[in-house]
1. Calculate the spin-label point distance for B:D383 paired with B:E363, positioning each point 7 Å from the Cα along the beta-carbon direction, and give it in nanometres.
2. When the helices in chain B are scored as -39500 (n - 2.57) per DSSP H run of 4 or longer and the sum is shared across all residues, what 222 nm value do you end up with, to the nearest 500 deg cm²/dmol?
3. Quick one: B:Y285, B:Y327, B:Y426, B:Y438, fewest Cβ neighbours within 10 Å first, how do they rank?
4. Work from the charge dipole of the range B:399-487 (Cβ charges, +1 for Lys and Arg, -1 for Asp and Glu, about the Cα centre) and give the residue of B:I448, B:A485, B:N424 farthest towards its positive end.
5. What FRET efficiency do you get for B:E134 and B:D45 if R0 is 51 Å and r is their Cβ-Cβ distance, rounded to the nearest 0.05?
6. Given a Förster distance of 25 angstrom, what is the FRET efficiency for B:E443 paired with B:R414, based on the Cβ-Cβ distance and rounded to 0.05?
7. In debye, nearest 20, what is the charge dipole magnitude of the protein assembly as shown about its Cα centre with +1 on Lys and Arg Cβ and -1 on Asp and Glu Cβ, if you could check?
8. Under 13 Å from the Cβ of B:T179, count the other residues' Cβ atoms, weight Lys and Arg +1, Asp and Glu -1, and hand me the total.
Amino acid sequence: MQHKIRVVIAKPGLDGHDRGARVIARALRDAGMEVIYTGLRQTPEKIVAAALQEDADVIGLSILSGAHMHICPRIMSLLEAQGLGDVLVVVGGIIPDLDIPKLNEIGVRGIFLPGTTMQHIVDYIKEHVRSRVETS
Amino acid sequence: MKNATQSATSSRPGERKQPFTTISGRVIDPLYTAADIASLNYQRDLGDPGEFPYSRGIHASGYHGKLWTMRQFAGFGTPEETNQRSQQLLAAGGTGLSVAFDLPTLMGRDPDHPLSLGEVGKCGVSVSSLADMEALCKGIDLSGITSSMTINSPASMIFAMYLVVAEKQGATWESLSGTIQNDILKEFIAQKEFIYPPRPSMRLVTDVLAFCAAHVPKWNTISVSGYHIREAGSTAAQELAFTLRDGIEYVQYGIDAGLDVDEFAPRLSFFFNAHSDFFEEIAKYRAARRIWAHVMRDRFKAKNPRSWKLRFHAQTAGVSLTVQQPYNNVVRTALQALAPVLGGGQSLHTNSLDEAFALPTAEAATLALRTQQIIAHETGVTDVTDPFGGSYFVEKLTRDLEEEALAYFDTIDRMGGMVEAIENGYPQKEIAESAYTYQRGVEAGDRIVVGVNAYVADAEVPIPLLYIDHSAAETQLARLANVKATRDDTAVRQSLDRLKAGAAGDANTMPLLLDAVRAYATLGEMCDVLREVWGEYEEIPVI
């Protein structure tokens with residue numbers, strides 16, 4: 001049986017603007033992925049626990065508030081500690097140009113700014129997700 | 001004329017798109033005629049401006065007496081930084097203040113709480129105690145201006161801080177004028193900055209209604225908001241319907257709390273989006289006034305005409321701003337801002353060109369204000385009241401939006417009310433569906449967004465941006481530590497104990513909050529006491 005790509009969509013931090021997270025979750029599901037939406041105000045610990053429990057291939061974070069430089073490093077180190085270093089981590093939201101190389105450096109792969117199409121995100125995930133998954 | 005109608009309505013090869021729809025997906029005919037408004041009765045359905053049902057506006061003289069208030073939303077970093085921005089906007093001709101708070105403040109957390117890490121001062125100004133509010137208002141005569149504060153779950157705590165600062169300035173509460181958003185229902189529906197479950201949250205709201213009716217009579221106690229509902233992806237009709245149905249819910253809860261409707265209803269105001277679909281937006285504002293007038297007179301039997309009049313603030317659509325070719329946003333905002341002016345709004349915020357990236361720079365914020373001033377003083381659109389009144393198209397659109405909203409009222413009434421509808425996830429699901437439909441339309445190319453899916457530039461020209469670093473958080477942490485070190489801890493503890501007992505019983509929480517604020521209890525401490533009594537709300541996530 002073909003393995004479906006499993007994606008945890010999470011909204012870390014205090015912000016509640018979830019339009020983007022929910023639209024992307026729908027788009028990934030319609031593209032055939034298994035999507036787990038964690039809901040609002042998730043701590044890095046809760047997000048990594050969800051990824052572990054759900055055997056996630058991908059974590060998609062929606063961050064609009066400017067807290068990404070505090071949240072992402074914590075998530076990346078927790079993933080590493082749990083042996084989940086091969087989980088693809090992508091971020092969508094408002095990320096200043098200045099911070100993009102810093103996020104790439106700590107292992108955040110895809111960074112999707114306003115105006116990115118849903119199709120682009122679907123394609124990106126299919127192309128970059130870890131190899132145990134059949135993506136055909 | 002007849003020929004023109006026939007050729008316009010027939011399907012012709014080479015027409016740009018079929019069918020033509022508004023940004024909300026509403027199908028629009030190519031031409032509207034007298035037949036479309038045959039059932040419209042001028043006296044019954046429109047009335048002159050200033051006359052029931054106020055479709056044409058709440059003031060007989062339109063903007064001849066007074067222009068709308070140019071109220072630019074501002075807030076970032078420390079109270080001192082925001083105070084400086086406010087003073088600059090007032091000096092540039094702004095006529096009212098509007099304060100944006102950061103996420104910890106909106107969620108009732110102090111800057112030293114673990115969840116506040118990285119969020120202090122980022123999306124608005126950080127205010128966690130009376131000391132911050134004193135710095136925020138320094139040098140501004142609170143009896144001489146109107147202030148709007150965008151605060152919801154902890155609205156009563158922040159309002160209490162404002163009242164105490166006014167008291168210290170020597171201003172009487174009776175003289176104060178302004179608005180707290182205090183609209184918790186749209187938080188559950190759209191913006192999701194909630195703390196407590198819906199029912200105790202509604203109790204905090206009705207406590208403010210009762211307190212202001214007695215002590216701060218010129219204060220707008222709730223700004224019933226559709227803005228965030230629309231930003232979350234609703235259609236224009238859903239924005240209209242859910243916002244006004246929220247208004248109905250507040251009025252009903254106020255009456256159920258023992259208030260006379262005419263005691264508090266005149267101080268309710270509304271806040272709508274000013275989106276890109278020009279005519280649909282104008283029709284939305286006109287429909288809102290007509291629906292509200294009937295609701296207040298017929299459903300709630302309000303006697304005071306001031307209870308019937310829907311006053312509104314509008315803000316241009318943040319969601320329409322693009323990071324691609326950001327100067328295009330100036331044009332979008334200017335066109336959007338025309339709709340609430342032609343639709344008879346009382347107050348307006350225009351977004352800045354850089355807000356798809358960050359909070360605005362001072363220069364961008366000034367340009368946004370200038371946009372309103374140009375509309376007000378150079379275009380002539382303020383000279384005539386309700387200039388689209390009688391337009392076949394706008395009148396038909398107004399009626400259609402009204403009918404769609406009333407159908408939503410029926411659905412929500414059948415659920416038992418808006419609180420029940422929210423608990424069922426109903427408006428949340430309706431909005432999510434519309435948001436997804438819209439996004440798919442953009443990606444299919446059915447909707448053109450200039451610079452995004454058409455007329456794309458090869459290279460983007462960078463614009464200057466405001467970057468908020470960590471220094472604001474450090475300043476705020478230091479002030480908080482100083483407040484805690486210098487206040488009378490016993491007085492704080494006693495005031496918080498009284499707040500807890502009052503919340504567990506049925507006392508009005510406002511006087512108890514005022515005492516806690518005077519003792520320099522922090523926002524987080526006050527909110528935590530109420531968390532202990534009421535618990536926290538957790539939404540069931542649905543996609």
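1. 3.5
2. -14500 deg cm²/dmol, from helical runs alone.
3. B:Y327, B:Y426, B:Y438, B:Y285
4. Among B:I448, B:A485, B:N424, the one farthest towards the positive end of the dipole of the range B:399-487 is B:A485.
5. 0.50
6. Details: r = 35 Å, r/R0 = 1.41.
Efficiency computed from Cβ-Cβ geometry: 0.10.
7. With only Lys, Arg, Asp and Glu charged at Cβ, the dipole is about 1040 debye.
8. Details: positive: B:R71, B:K218, B:R267, B:R311; negative: B:D183.
Charge balance in the 13 Å sphere: +3.
Coordinate-derived values only; no laboratory data. No experiment lies behind these values; they were computed from the predicted model shown. Virtual Cβ from ideal backbone geometry, glycine too; neighbours counted across all protein chains shown.
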